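Okay, structure first, notes after.
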Amino acid sequence: MKKEDDFKLSFRLQKEEFERQKKEMLESIEYASLIQAALLPPTQQMNRFLGDHFILYLPRDIVSGDFYWIFHMDDWVYLAVVDCTGHGVPGALMSILGISFLNEILSKKIFIKPNRILNLLREKVMKALHQTGIHNESKDGMDIGLIAYNSSTFDLQYAGANNFLHFIRDKSIHQVKGDRMPIGVSGIEENSFTNYPLRMKKNDIIYLFSDGFVDQFGGSKGKKFKYGPFEELLFKHHTMPMGMQKDVLLDAFLDWKGDYDQVDDILVLGLKI
Amino acid sequence: MKFISFRIHNFRSIKDSGWNELSPDNITGIIGQNESGKTSILEALSSFYSGTVSEDVLRGDMSIPVVSCCFEIDHRLISKLLNEKELPVGVFKQIKSSKSLCLTRIWDEDMGSRIELSGPKVSNSFDKHNTARTEHDLKLQKRIDKCLEKKDNAVSLLLNSEEQKKVLSLEVERYKLLIPEAQKESKMLKGTREEKPAITKLRKTKEKLEQASADLSKAKTELEGLKKEAEALTQNSKLAESSRQARIRFENAHAELDSAYQDLRDLQRIFNTISYEIDRRGVKSELDKLNDKYVKVLQEYDQAREDDILKRNLAYKVLGGVSQAAAEREVRNEKPHIDPFYSREEAGNILFGYIPEFVFFEDFSSLLPNKIDLEDILSGNKDVEGFRAAGNFLKVSGLTPRFFVEGSSRLLKQKIEKLNKDITIDFQDFWRQKIGKRNKITINFELEHYSQSHPDKSGFPYLEFWIRDKQERLYPKQRSRGVRWFLSFYLELKAAAVSDPDKGMVLLIDEPGLSLHARAQEDVLKVFDYIKDKIQVLYSTHSPHLIDSKKIYRLLAVQRAIEDDDSSETKIFNAKSLTEASADTLSPIYTLIGARLSEQQYIRQKNNVILEDISTYYYLSTILTMIELKKEIYLLPASNISNVETLVNLLLGWGLDFVVLTGGNPEGMEIFSDIKQNLCRGDQSLVRKYLINMDQFQGIEDLFSTLDFKKFILHQRVGIPETNSEFLKENRYSRAVLASNFMNEVQDNNLKFGDFDEETRDNFMWLFQKLESVLY
């Protein structure tokens, strides 16, 4: 009897300890989420430099491995949608590294082409994570879609690391494929990222997004949403005001996900020229 | 004030030297062949300071010599020195902005001279000011003249009117006399046939009388009016008239002054040509009289000038409606005869007192003599040999004429012995420390008196100098020329330090290396380097040993406009244009640095690009094999960045064109800055011609993108967020080895320029375009 009581007591104590630790950890992560939120560009800044736009940002956990970033310099606005390796705390740590590095790269306030920014970002990540391309080494890093847009001239330059740029013009959707390599070390030797110069038109709509939405399992057969349907979804509603597009995307996501768990952080950014 | 540039007009073979800047490090050498005009430059500068020139400096066309010198100056010093009057508008601003002050000495036909504050913009400001003053004076004069003209007209009209009145009066009188006669005649002819005409004549005479009387009455009225008017105008113009008289007196005084000066000058010229003392004495007496007269006339001239100005100003004010008492008061306060502004000459003379002393160190006067008469030293007789050196000796020793008046010859000898010891110690210290010599040389002087074997000087004191080495006691002229030169030079420096250490000195030295052996000539350069912070040196030389191959920018090259024609004018080339001088002129440089490499194939006459180091050479020469440029480029690597300046000087000396390519690293920036300052003297067009600084690239490796750098040079997959050159430095890679490997790899793998990424290609094309833009 005594043994049983001891066991119960021990179990209760362990449970209490576990609860305490869990509570502490959650509090800690909750607080970390505040810091991460503070590192994201404030809404006023986004409105000021982007104008008509929406951001659908749905972290899977309290903190997120996805983030968006903006930087303004003269007539140019840099905008990035970033998906760091993993999600939750590891992703969040990586995101902080990414935000710092991006700010650092542009700290000299001179115009740098998006592909050169990605080249530089990769150097920084590789050095920070001591990546040298040897076997069994961590392949942590990030995927990114980065644009530099000049609202005076309508010039846009895009570079992507495992990321696509979509834009809708004159009732058709266009896709600009970035390079198939990450920011960080990968199986193949690093090459320079490609810079895609584009001339935008009034009322063009640009979409940048991480792979969280398209990789979400759901629907009647529990399959991934996939790129094709996602492009169709964007195209179908692109004439709607940007704010409403966000709501439509959110509804579509929730419908698709149903009772399935969210598998990754979700980030979709739409921008009307 | 630092002497920074000069310009010489009409001085011996120099017609117009143009502006020539001195070396910023205070040592400027003048090279050139015999008779090219090197010494003329030094003499002209010496004359600028002394004001003395002889007629033989005049050119064939007898044009007047003019020498201008510019000095670095803090504008605050100008405010301090020129604080009694004002400078014309714009002068101070110009001096402040240029941070320099130019003074010009202009000689006249009699070889007298004046110093003026000058400089192109400064002169314009003075001209404007003077024009404004002249216009003001003219305005005053015009008003006075107008008033006088009006009065003169009124007086003239009055005189005419009086004359007319007189005529009319006579006419009335005449008619008055004619009427009784006509009446009488009429009575007498009554009843006759002539009665009627007689009556008519009487009537007409009466009518004429009436008319004349009426005219007279009118004339009288007019005369009264004119009288009043003339009276009023005369009253008003009294001061104007007084001013006119003062003006006439001033003009007369001026003419008299000119005449007195001309007489004095003519007689002075005659006096100068007389050789015999007896004849000279006679003329001298006359000359004195003329001089006294001139001084008296000059005083009268000054008085007349002042009177003229004061009366003109007073008259002008009164004519403008000011009461005479008030006008007098105003003129008293304004003092218009005293110019509140400095003239060019006044300002020039004040500032001239603060420029460094120009000392011409030349053999005859500046080398220590064996002996010299005390009287010649004390009377300042510059025509005796060694005058300056002996004077320096006395100055350094602190000796005044009173020293030699010592009654006790024993005390005098003691004093001299002590002084000899002090001076010797100083000199030995200088000799050993500054030029590394350990010769035990002592200098002695003694006061002696001429014996009866010199009847004309018997009993007169003279100083005798000795230079002692070990046990040998020799006269200066018996010693080696090197020792004598250095000793004399030392005395010059010491004397300068004693005179006024703050004033500064510009030492002009003609051929310091003449007949000194090579080592001694190099010692001369060492001494120049030692003193350059306190004393600016300009020296002429033929000797390669008096040229520092690392500092060719110190040189001015002098040659005749038409080579081998000693009658053609002198041209001066400075560091910026040295390569345009003839090979013969530059021969000391060629001798110094060996063969003329412009005649071989490695380095070319043009399009040489001096590189910081061998790594830069490897990379650029390799890339150059991959691309086709419109222009030929000859890369010339320095063995180390610190040797870039040596290469610059060598190419400058050889007369070859070049461009220096430096990186944005601190050493590269320093070299860039040195060459910019010393060779280009801040001239942006020269900076563009001679220098390319890759300021956004620390080193040549940074022209490669990080990816290409890793791929083609480092062969490692490692993150390099810093610049490539920083990465190499931090990780202690051998730059030269990597560069050499790169060169081999390009050759072995037949790499093409297109194999590099866009960033690398852009960077190299930027560099080559920059090079091509300055090459021929």
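The values are calculated or read from the model by the stated rules, or taken from the named source; none is laboratory data. Just so you know, these numbers come straight off a predicted model, no measurement behind them. Glycine also receives a Cβ, built like all others from the backbone with ideal geometry; neighbour counts cover every protein chain displayed. Remember, those area values only see protein heavy atoms, side chains included, never the ligands or the DNA or RNA. Shrake-Rupley method; radii C 1.70, N 1.55, O 1.52, S 1.80 Å.
Net charge within 12 Å of B:ALA232 by Cβ-Cβ distance, Lys/Arg positive one each and Asp/Glu negative one each, not counting B:ALA232 itself?
On the way: positive: B:LYS150, B:LYS151, B:LYS227, B:LYS228, B:LYS238; negative: B:GLU229, B:GLU231.
Local charge sum for B:ALA232: +3.
Whole angstrom only: what separates the Cα centroid of the range B:1-18 from the Cα centroid of the range B:519-573?
Using only Cα atoms to place each centre, the spacing works out to 16 Å.
For chain B, which whole percent of the accessible surface, found with a 1.4 angstrom probe, sits on carbon and sulfur atoms?
On the way: 19650 of 39960 Å².
Solvent-exposed carbon and sulfur of chain B make up 49 percent of the total.
Cross-link partners among lysines for B:LYS121, C-alpha distance below 19 Å, same-chain residues fewer than 8 apart left out?
The reachable lysines, counting only those whose Cα sits under 19 Å from B:LYS121, are B:LYS93, B:LYS96, B:LYS99.
With all protein chains present and a 1.4 Å probe, how do B:LEU351, B:LEU138 order by accessible area, largest first? Walk me through the numbers before you get to the answer.
Details: B:LEU351 0, B:LEU138 110 Å².
Correct descending sequence by accessible area is B:LEU138, B:LEU351.
Looking at the protein assembly as shown, which Cys residues are left with no other cysteine's beta carbon under 4.7 Å from theirs?
Isolated Cys, the protein assembly as shown: A:CYS84, B:CYS69, B:CYS147, B:CYS680.
How far is it, in nm, from the label point at B:VAL498 to the one at B:MET626 when both lie 7 Å from their Cα along the line to the Cβ?
Calculated label separation equals 7.1 nm.
Can you give me the C-alpha center-to-center distance between the range A:157-225 and the range B:215-257, rounded to a whole angstrom?
106
What's the FRET efficiency of B:ASN750 with B:SER577 using the Cβ-Cβ distance as r and R₀ = 41 Å, to the nearest 0.05? Provide the component values of the computation, followed by the final result.
Working: r = 46 Å, r/R0 = 1.12.
Once rounded, the FRET efficiency stands at 0.35.
Could you work out how much longer the chain between B:GLN684 and B:MET765 gets when fully extended? Use 0.36 nm per residue separation minus the Cα distance between them, nm to one decimal. Display every interim value, and only then the final one.
Numbers: separation 81, 0.36 × 81 = 29.16 nm, distance 2.36 nm.
This chain segment gains 26.8 nm when fully extended.
Give the accessible area for B:ASP302 in Å² (nearest 10); use a 1.4 Å probe, count only protein heavy atoms, and leave out ligands, DNA and RNA.
Estimated to the nearest 10 Å², B:ASP302 gives 80 Å².
Report the Rg/Rh value for chain B, based on alpha-carbon coordinates and the Kirkwood definition of Rh.
Details: Rg = 42.7 Å, Rh = 34.6 Å.
For chain B, the value is 1.23.
If you line up the Cα atoms of the range B:239-341 on their principal axes, what length do they span on each, largest first, in Å?
66, 25, 18
Taking chain A as a Gaussian network, where each spring joins two C-alpha atoms under 10 Å apart, which residue of A:ASP261, A:ASP66, A:ASP215 fluctuates the most?
So, out of A:ASP261, A:ASP66, A:ASP215, the one fluctuating most is A:ASP261.
What are the aspartates and glutamates whose alpha-carbon lies under 18 Å from the alpha-carbon of A:LYS8, with same-chain residues fewer than 8 places away excluded?
A:GLU16, A:GLU17, A:GLU19
Given springs between every Cα pair under 10 Å in a Gaussian network model of chain A, which of A:PHE111, A:PHE11, A:PHE209 has the largest fluctuation?
The residue with the greatest mean-square fluctuation here is A:PHE11.
Could you tally the net charge around B:ASP657, taking each other residue with its Cβ under 10 Å from the Cβ of B:ASP657, Lys/Arg +1 and Asp/Glu -1?
Working: positive: B:ARG604, B:LYS606, B:LYS689; negative: none.
Summing Lys/Arg as +1 and Asp/Glu as -1 gives +3.
Taking a threshold of 25 Å on the Cα-Cα distance, which of the pairs B:LYS606/B:LYS630; B:LYS176/B:LYS218; B:LYS532/B:LYS689 fall above it?
Working: B:LYS606/B:LYS630 14 Å; B:LYS176/B:LYS218 18 Å; B:LYS532/B:LYS689 29 Å.
B:LYS532/B:LYS689, as the Cα separations exceed 25 Å there.
For B:GLU286 and B:SER642, what does the FRET efficiency come to when R0 = 60 Å and r is the distance between their Cβ atoms, rounded to the nearest 0.05? The partial results should precede the final answer.
Values: r = 72 Å, r/R0 = 1.20.
Taking R0 as 60 Å, the efficiency between B:GLU286 and B:SER642 is 0.25.
How tilted is helix B:38-50 with respect to the longest principal axis of chain B? Cα atoms for both, answer in degrees (0 to 90, nearest 10).
Approximately 50 degrees, to the nearest 10.
Among the listed pairs A:LYS124/A:LYS177; A:LYS221/A:LYS257; B:LYS146/B:LYS335; B:LYS38/B:LYS571; B:LYS2/B:LYS503; B:LYS165/B:LYS220, give every one whose C-alpha distance is greater than 18 Å.
Values: A:LYS124/A:LYS177 24 Å; A:LYS221/A:LYS257 11 Å; B:LYS146/B:LYS335 24 Å; B:LYS38/B:LYS571 10 Å; B:LYS2/B:LYS503 10 Å; B:LYS165/B:LYS220 7 Å.
Listed pairs above 18 Å: A:LYS124/A:LYS177; B:LYS146/B:LYS335.
Among A:THR194, A:THR132, A:THR85, which one shows the biggest mean-square fluctuation in a GNM of chain A, springs joining Cα atoms closer than 10 Å?
Among A:THR194, A:THR132, A:THR85, the largest mean-square fluctuation in the Gaussian network model of chain A belongs to A:THR132.
Please work out the average accessible area per residue across the range B:239-341, using the 1.4 Å probe convention, and give it in Å². Don't skip to the answer; put the middle values down first.
Values: 6410 Å² over 103 residues.
I get 62 Å² per residue for this part.
Measuring with a 1.4 Å probe in the full set of protein chains, what accessible area per residue, in whole Å², belongs to chain A? Spell out each step's value before the answer.
On the way: 14160 Å² over 273 residues.
Ligands and nucleic acids excluded, the result is 52 Å² per residue.
Before we go on, tell me the buried accessible area for the B/A pair, both chains summed, 1.4 Å probe, in Å² to the nearest 100.
The B and A chains share an interface burying roughly 1400 Å².
Taking the simple approach of a point 7 Å from Cα along Cα-to-Cβ for both A:ARG199 and A:TYR227, what is their distance in nm?
Those two pseudo-labels are separated by 2.7 nm.
List the lysines whose Cα sits under 19 Å from the Cα of B:LYS526, skipping any in the same chain fewer than 8 residues away.
B:LYS434, B:LYS437, B:LYS494, B:LYS534, B:LYS550, B:LYS551
What does the net charge come to around A:LYS272 if you take all other residues with beta carbon closer than 13 Å to its beta carbon, with K and R at +1 and D and E at -1? Numbers along the way, then the final one.
Numbers: positive: A:ARG169, A:LYS201, A:LYS202, A:LYS246; negative: A:ASP52, A:ASP204.
Computed value for this residue: +2.
Multiply the residue gap between B:TYR530 and B:GLU306 by 0.36 nm, knock off their C-alpha separation, and tell me the result in nm, one decimal place.
Working: separation 224, 0.36 × 224 = 80.64 nm, distance 5.47 nm.
Gain on extension, B:TYR530 to B:GLU306, equals 75.2 nm.
Filter chain A for me: DSSP H helices, axial length by Cα at least 30 angstrom, mean Kyte-Doolittle hydropathy not below -1.0. List them by residue number.
Numbers: long enough: A:2-39 (54 Å, -0.91).
Helices meeting the criterion: A:2-39.
Computed from the mean reciprocal separation of all distinct C-alpha pairs, what Kirkwood hydrodynamic radius does the protein assembly as shown have, in Å?
About 40.4 Å, per the Kirkwood formula over Cα pairs.
Only helical DSSP H runs with n ≥ 4 go in: add -39500 (n - 2.57) per run for the protein assembly as shown, normalise by residue count and round the 222 nm mean residue ellipticity to 500 deg cm²/dmol. Can you show the working numbers first?
Values: 29 runs with 514 residues, N = 1049.
Computed mean residue ellipticity for the protein assembly as shown: -16500 deg cm²/dmol.
Could you tell me how many degrees, from 0 to 90 and to the nearest 10, lie between the Cα long axis of helix B:120-188 and the main elongation axis, the longest principal axis, of the Cα atoms of chain B?
That helix lies at roughly 10 degrees to the long axis.
Show me B:769-775, B:86-92 ranked by packing, highest mean number of other Cβ atoms within 10 Å first. Don't skip to the answer; put the middle values down first.
Working: B:769-775: 15.0, B:86-92: 18.0.
In descending order of packing, they fall as B:86-92, B:769-775.
Normalising by the residue count of the range B:131-236, find the relative contact order in percent from Cα pairs under 8 Å and 6+ residues apart.
Working: 60 pairs, mean separation 44.3, N = 106.
Computed over the range B:131-236, the figure is 42 percent.
Given a Förster distance of 45 Å, report the FRET efficiency between B:TYR276 and B:LYS606 from their Cβ-Cβ distance, rounded to the nearest 0.05.
Values: r = 66 Å, r/R0 = 1.47.
Between B:TYR276 and B:LYS606 the formula returns 0.10.
Rounded to the nearest 10 degrees, what's the angle between the helix B:518-531 long axis and the longest principal axis of chain B, both from Cα atoms, 0 to 90?
60
If you restrict to DSSP beta bridges whose two residues both lie in the protein assembly as shown, what percentage is antiparallel, to the nearest 5?
75
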